[in-house]
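The values are calculated or read from the model by the stated rules, or taken from the named source; none is laboratory data. In this text the structure is predicted, and so the values were computed from the model without any measurement. Glycine also receives a Cβ, built like all others from the backbone with ideal geometry; neighbour counts cover every protein chain displayed. Heavy atoms of the whole protein, side chains included, go into the accessibility calculation; ligands, DNA and RNA do not. Shrake-Rupley method; radii C 1.70, N 1.55, O 1.52, S 1.80 Å.
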Amino acid sequence: MSANADPSVEIRRATHDDYEAVVDFTRDIWPERGGDYIPRIYHDWLEDEPGQGKKTFLAEVDGEAAGIVQGVMLTDDEAWFQSMRVAADYRRQGVSHRLNEATFEWARERGATVGRVMIFSWNAASFGAARASGYEPITEFRFAHPDPDPDADGPASHAVSSDPAAAWRYWTHSDAREYLSGLGLAPEESWAVRELARDDFERLADETAVFAVEDENGLAGTAYRSRTYERPVEDDDSSDDKSDADPQTETWAEYGLGAWADVDAARSLFAAIARDAADCGADETRVLIPETPRHVTDAPYAGVGIADEPDFVLGIDLSGK
């Protein structure tokens, strides 16, 4: 525990009744970036009943809500920890450490040997807190954003199939897999990554979409669609009274991995993704790509937009704790 840890910190399961208390200490987080998302999604995000696969932990100090974090079991031995928040009045008092220890114990009891978190590259405070709790850096990635387009076309020298065996084979031999430590976006949980297996490609080929790029030399790229989802449209126009209007949403198609051998393969892969996104009725896309100089510069060279900043993944070995 931190040397400044408050011994009065109590950890319990968060409930729907804690909504107002959680909103009180999260509403003013990251105002320059549009604010925290937890107040908007709390009731949908929270597990309704205690279960084996997900648990949200609340820290209290003298009965006052001081922090929150959620643990999710993504596979039999991979845990994911997300949305760590600590109230401003209780930072640097060991609250995040106590929350981490509670999630680690919960995950170990369910067979987890590794736990991971995702942290935005600009969130230096969270990097420090995570490293202090035992996390080590694993990898970083960025999102690419090809526009949905039913007529998108890649180089004639490349072909794109939906063969999961070919997609898996390219992934196993790619530099992207090595850089990403075998991780891709988890279809089961938003904003989470886990290790990919051959069965994932086979299942996703049936349930969503899988892509395998080939050129005259053999396999040259792969991707898969992890999910589609609705999100509110960001609207800066506050001049009109829209209080009685239905909330506007847009459809996003999310691709849990994009890997390719060269820029022509990238063009073919992104064109296939653009066609698939259009077929899904998506308004926007995001594709996880490795944060390497080649991948990050190939995407714009191929005519695809990219996010302004990367995201980091950190992990902790839970097997010996």
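Might you check whether a residue that is among the polar types (S, T, N, Q), in contact (Cβ under 8 Å) with a residue 60 or more places away in the chain and buried (at least 19 other Cβ atoms within 10 Å of the Cβ) occurs anywhere in the stretch 289-296? Looking for residues that are among the polar types (S, T, N, Q), in contact (Cβ under 8 Å) with a residue 60 or more places away in the chain and buried (at least 19 other Cβ atoms within 10 Å of the Cβ), one finds none in the stretch 289-296, hence no.
Restricting attention to the stretch 130-140 and to residues that are assigned to a helix (DSSP H, G or I) and open to solvent by 40 Å² or more (accessible area, probe 1.4 Å), the residue that is farthest from Ser226 (Cα to Cα) turns out to be Ala132.
Pick out, from the stretch 141-212, the strands (runs of 3 or more DSSP E) lying fully within it that include 2 or more residues that are at negative phi and open to solvent by less than 20 Å² (accessible area, probe 1.4 Å).
Of the strands (runs of 3 or more DSSP E) lying wholly inside the stretch 141-212, those with at least 2 residues that are at negative phi and open to solvent by less than 20 Å² (accessible area, probe 1.4 Å) span 183-185, 193-195.
So, Gly303, is that one more than 18 Å from Arg142 (Cβ to Cβ) and either surrounded by 17 or more Cβ atoms within 10 Å (Cβ to Cβ) or out of contact with any strand residue (DSSP E or B) (no Cβ under 6 Å at 6 or more places or on another chain) (or both) or not? Spell out the reasoning first.
Details: more than 18 Å from Arg142 (Cβ to Cβ): no; either surrounded by 17 or more Cβ atoms within 10 Å (Cβ to Cβ) or out of contact with any strand residue (DSSP E or B) (no Cβ under 6 Å at 6 or more places or on another chain) (or both): yes.
The answer is no for Gly303.
Scanning the stretch 107-119 for residues that are more than 9 Å from Asp317 (Cα to Cα) and touching a helix residue (DSSP H, G or I) at 6+ places or on another chain (Cβ under 8 Å) yields Val117, Ile119.
Evaluated against (1) surrounded by 21 or more Cβ atoms within 10 Å (Cβ to Cβ); (2) at pLDDT below 95; (3) among the polar types (S, T, N, Q), Thr103 falls short on exactly one condition, (2). Within the stretch 115-125, being modelled with pLDDT of 90 or more and open to solvent by 30 Å² or more (accessible area, probe 1.4 Å) holds for Met118, Phe120, Ser121, Trp122, Ala124.
Of all residues in the stretch 162-220, those satisfying the criterion of being among the aromatic types (Phe, Trp, Tyr) and either at pLDDT 95 or above or over 20 Å from Pro290 (Cβ atoms) (or both) are Trp168, Tyr170, Trp171, Tyr179, Phe201, Phe211. Scan the stretch 265-285 for residues that are assigned to a strand (DSSP E or B) and open to solvent by less than 10 Å² (accessible area, probe 1.4 Å) and jot them down. Thr285, the sole residue that qualifies. For first residues located in the stretch 105-126 and over 22 Å from Arg92 (Cα atoms), partners that are charged (D, E, K, R) and modelled with pLDDT under 95 and lie 6+ apart or on another chain with Cβ distances below 9 Å form the pairs Arg108/Lys321.
Quick one: in the stretch 66-95, of everything that is small (Gly, Ala, Ser) and open to solvent by less than 30 Å² (accessible area, probe 1.4 Å), which residue is modelled with the lowest pLDDT? Residue satisfying both the conditions and the ranking: Gly94.
So that you can scan it fast, the table gives a plain yes or no per residue for (1) over 16 Å from Arg91 (Cα atoms); (2) touching a strand residue (DSSP E or B) at 6+ places or on another chain (Cβ under 8 Å); (3) at pLDDT 90 or above:
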position: Glu10; (1), (2), (3): no, yes, yes
position: Ala14; (1), (2), (3): yes, yes, yes
position: Asp17; (1), (2), (3): yes, no, yes
position: Ile29; (1), (2), (3): no, yes, no
position: Gly34; (1), (2), (3): yes, no, no
